[in-house]
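Here the structure is laid out as structure tokens; the discussion comes afterwards.
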Amino acid sequence: MLSEKRMRKIIAVVGDIMIDRYVTGRVDRISPEAPVPVLLHSHDRTVAGGAANVAVNILALGCDVWLVGAIGNDKDADDLKNILAEKGISTTLLVTDSSRPTISKTRVVSGRQQFFRIDREFSGRLSPEVEEAVITAARTAIAEAEVVVLSDYAKGVFSDHVLKQVIGSAKSAGKLVLVDPKRRTLEAYRGADIIKPNTLELSAATGMPCSSDAEIEAAAEALVGQFDGALLVTRAESGMSLVRRGLPTKHIKSAVLEVADVSGAGDTALAALAVSIADGFTIDDAAVMSNVAAGVAVSKLGTAIVSRSELNAAIARVSSADHHPGSLAVKSAAAELAATWRRMGKRVVFTNGCFDLVHAGHIELLSFAAREGDRLIVGLNSDASVRKLKGPTRPIQAESDRARIVGALRAVDLVVLFDDATPLSLIEAISPDVLVKGADYTEEQVVGGDLVKARGGRIALFPLIEGHSSTKIVERLRS
């Protein structure tokens, strides 16, 4: 999830810019003139659409944005500029083309029902002069940006020439390129890092069905000749699928709670993907956040804006659905949950031990560890691991009992068993922000400390409490 405390990154958005208008009212009768409903008008609403909606969502999610595209010299252009200015988005890189109208979509709506849509557009190719102006503006934006987003609605901005020049400029500048495609085939986007087709677009590009997980994977494999980057396939109620060459496909379940309107959901998903990557998240994590953001967007009526706080709340809701504090998890599940917590801006703390006979020293250690961050994961030596360390007479309590006792403590959020003598592989998988160990170790001696530090984390050493030891308790009991 997106952190509040960071410098705002900049994202360049290039694409087909639109304005979306909503004419809203109540329908309670049929016209006597024709078999059509009569709308009793109540209000109008105007919002940014297309690439402009991507830009507005990027701003709402916490990044700054440069928006590039072509608009007309008309009232729709003036209204759109005012909307963008009110949001804090510069219009200096918008290219005016007096020969064509600003693209607009007017939807007539009653309640949750859209009756029809009126489109005003000319989707032919831009003139050579306007194309060059768009390319120049795009290069200006790319120079300032961390990530470059291409929002292609097939409305004329992206000719082969413009795509080649913009993608080439971005790659020459070392910038990551994301594309929301609209072409029947995807060769023109070659050079981009990630494209985000929906299932219909993927099916059209390959001539293959794209309903099931297996069909998505087969179609993606067939695209090798067209595009060799990563694919994030949006699948409506089936969620998303992240496909990368040489890696297992990741199928992400839908996070939709209720569908009110799908307008602009793809723009929101694209914006969340771009912001997450700009913020330094992996593509895997960014895809999950994109999926959750799309779920929030479709729960709203009309072209929607999803804020950072809404996305954070939605991710928290999704991540907590299957987790109970202190529960026992396998390593892979713990790694996934730790990644989710980090997306929520939470600091993940890890410590480990046998915890054979829990005593006051253990309680102080776990309380100390919990205060070092927001979520505490405890690595618990399995019975086999304890025997390797302490001999055949240990542990006194079975691993299932020890896990239940440790997990019941207020400070602990998750317990994970490990069989090795050290928790190194567990630390590698979880990638904690803070690693806690007793002060009888130095930082250089802490297993996994170098990994945590290399990833920007830190080590916290807990001051030992004299007189507390499970081994000494066992010895006293035996004597």
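Distance from the alpha carbon centroid of the stretch 159-183 to that of the stretch 127-146 works out to 11 angstrom. With the gyration tensor restricted to C-alpha atoms of the stretch 178-230, the semi-axes of the equivalent ellipsoid amount to 17, 11, 10 Å, longest first. To put it simply, the accessible area of the stretch 38-188 at a 1.4 Å probe is 49 percent carbon and sulfur.
Checking the cross-link pairs LYS81/LYS164; LYS175/LYS196; LYS87/LYS196; LYS346/LYS437; LYS9/LYS300; LYS346/LYS388 against a 24 Å limit on the alpha carbon distance flags LYS81/LYS164; LYS87/LYS196; LYS9/LYS300; LYS346/LYS388 as lying beyond it.
Listed values for the stretch 95-107 are Karplus-derived 3J(HN,Hα) couplings in whole Hz (6.51 cos²θ - 1.76 cosθ + 1.60, θ = phi - 60°), namely 9, 8, 10, 5, 7, 9, x, 5, 5, 9, 10, 10, 10, and x replaces Gly and Pro.
Over the stretch 325-479, with every protein chain in place, what whole percent of the accessible area is carbon and sulfur at 1.4 Å, could you tell me?
That share works out to 51 percent.
If you take the square roots of the eigenvalues of the alpha-carbon gyration tensor of the stretch 1-147 and sort them as a ≥ b ≥ c, do you get rounded (a/c under 1.5), prolate (a/b over b/c) or oblate? Oblate shape, in that a/c is at least 1.5 and b/c is the bigger or equal ratio. Straight-line reach from LYS390: which aspartates and glutamates have Cα under 15 Å away, leaving out those fewer than 8 places along the same chain? Correct list for LYS390: ASP356, GLU399, ASP419, ASP420, GLU475.
Ordering TYR153, TYR441, TYR22 by accessible surface, largest first, gives TYR441, TYR153, TYR22; the 1.4 Å probe counts only protein heavy atoms, with every chain in place. Straight-line cross-link reach from LYS453 at under 16 Å between alpha-carbon atoms covers these aspartates and glutamates, not counting any fewer than eight positions away in the same chain: GLU372, GLU428, ASP433, GLU443, GLU444.
As a calculated quantity, the FRET efficiency between THR136 and ILE465 at R0 = 60 Å, using C-beta atoms, amounts to about 0.35.
Full extension of the segment from HIS161 to LYS253, taken as 0.36 nm per residue of separation minus the current Cα-Cα distance, would add 29.4 nm.
Share of Cα-Cα pairs in the stretch 288-446 beyond 20 Å, in percent?
On the way: 6711 of 12561 pairs.
In whole percent, the long-distance tail amounts to 53.
Residues ILE277, ILE19 ordered from highest to lowest accessible area at a 1.4 Å probe: ILE277, ILE19. Note on the stretch 343-400: with charges restricted to the Cβ of Lys and Arg (+1) and Asp and Glu (-1), its dipole about the Cα centre is near 220 debye. Protein-only accessible surface at a 1.4 angstrom probe places the residues SER431, SER212 in the order SER212, SER431, largest first. Between the residues GLY50, ILE89, GLY229, the greatest Cα displacement towards the positive end of the dipole of the chain, with unit charges on the Cβ of Lys, Arg, Asp and Glu, is found for ILE89.
Of the residues VAL434, GLY124, ALA369, the one whose Cα sits farthest towards the positive end of the charge dipole of the chain is ALA369 (charges of +1 on Lys and Arg Cβ, -1 on Asp and Glu Cβ, taken about the Cα centre).
Which shape class applies to the stretch 196-259: rounded if a/c is under 1.5, otherwise prolate when a/b exceeds b/c and oblate if not, where a ≥ b ≥ c are the square roots of the Cα gyration tensor eigenvalues? Prolate is the answer for the stretch 196-259, as a/c is 1.5 or above and a/b outweighs b/c. Of all complete DSSP H helices in the chain, those with a Cα span along the helix axis of 24 Å or greater and a mean Kyte-Doolittle hydropathy of 0.0 or more are 128-144. Rounded if a/c is under 1.5, else prolate if a/b is larger than b/c, else oblate: which is the chain, with a ≥ b ≥ c the root eigenvalues of its Cα gyration tensor? Because a/c hits 1.5 or more and a/b exceeds b/c, the chain counts as prolate.
Considering only GluC sites (Glu not before Pro) in DSSP loops that have at most 15 other Cβ atoms within 10 Å, the longest stretch of the chain without any of them is 34-257. Distant-in-sequence amide contacts of ILE17, defined by a placed amide H-H separation under 5 Å and a gap of 5 or more residues or a different chain, comprise ALA51, ALA70.
With N set to the residue count of the stretch 104-240, report its C-alpha Rg divided by 2.2 N^0.38 Å to two decimal places. Show your work: numbers first, answer last.
Values: Rg = 16.9 Å, N = 137, 2.2 N^0.38 = 14.3 Å.
Scaled against compact globular proteins, the figure is 1.18.
The values are calculated or read from the model by the stated rules, or taken from the named source; none is laboratory data. Quick caveat: nothing in here was measured; it's all calculated off a predicted structure. A quick note on method: Cβ atoms are made from the backbone with ideal geometry, for glycine too, and the neighbour counts reach across all protein chains shown. These accessible areas exclude ligands, DNA and RNA; they are computed on the full protein's heavy atoms, side chains included. Shrake-Rupley method; radii C 1.70, N 1.55, O 1.52, S 1.80 Å.
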